[in-house]
Amino acid sequence: NITKIRKFIVKKTGKNLYGSHEPPITLFVNSFQNFSDVEKQVISIVQKYKPFYAKIEGIHTFDIDQISKSYTVIYKVEKTQILSNIQKEIINKLNPIRTNDQAKWLIKQNPNHSEENIKNIDKYGYPVGPEGWIFHATIGSIPEENYKELWNKIQKYDLTKNWLIDSISIFVHLGEDGFVLFKKYKL
């Protein structure tokens, strides 16, 4: 469904930030000096876990992104102990090696973040910390002017389903070219 909806969004808007790769459940978003340090930490985490199922709760939309002026449509994923544990380990291992590039960029793009968002940007390099995190698989971003029309059509793809999680992946953001899979690590 995500691939179908992404194609529909791209056809209507001409924009595709999320590529054609398998949709991941986002756990942490940040900037790093090099990927070898990130990779070492991710490998140490995946060795501790076996594949498991996550439950898709349905289609959801995040509030409008003040930077891109678009709505991010997602499949919301049930918050479970195992997802929370994996995310906690990722943050604990990767947060100390992140750069401040993303944090600076976020503040520059939108200097009017809420006080809570600023605290999270300082602490985690991202406006949302683990306490407020909504586990999700991103479907796509819809420009504000296209949202109502496309949202109504996307509703037919709403579903609740179990989804096998068998790996952790690292994606690289290439600006206008969106996100590209860097590497996948099997649980």
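Annotations
- Segment 36-93 has equivalent-ellipsoid semi-axes of 27, 18, 9 Å, by the square roots of 5 times the alpha carbon gyration tensor eigenvalues, sorted largest first.
- If R0 is 25 Å, the Cβ-Cβ spacing of residue 180 and residue 156 corresponds to a FRET efficiency of close to 0.30.
- For the cross-link pairs 48/104; 50/184; 88/108; 50/183, the ones whose C-alpha atoms lie over 22 Å apart are 48/104; 88/108.
- For segment 1-146, projected area of the alpha-carbon convex hull averaged over all directions, nm²: 9.3
- Ligands, DNA and RNA left out, the accessible area of the chain computed with a 1.4 Å probe is 49% carbon and sulfur.
- Normalised contact order of segment 102-182, rounded percent, pairs of Cα under 8 Å and 6 or more residues apart: 14
- Local charge for residue 29 was computed over the other residues whose Cβ lies under 13 Å away, with Lys and Arg +1 and Asp and Glu -1, and equals -1.
- Note that segment 120-187 shows a convex hull volume over its alpha carbon atoms of 167 Å³ per residue.
- Remark: segment 63-187 projects, on average over all directions, an area of 9.0 nm² (convex hull of Cα atoms).
- Candidate lysines for bridging to residue 12, where Cα separation is under 20 Å - those fewer than 8 sequence places away on the same chain excluded: 4, 69, 148, 153, 156
The values are calculated or read from the model by the stated rules, or taken from the named source; none is laboratory data. Here the structure is a predicted model, which means the values were calculated and not measured. As a convention, Cβ positions derive from the backbone with ideal geometry for all residues, glycine included, and neighbour counts pool all protein chains shown. For accessibility, only protein heavy atoms count, side chains too; no ligands or nucleic acids. Shrake-Rupley method; radii C 1.70, N 1.55, O 1.52, S 1.80 Å.
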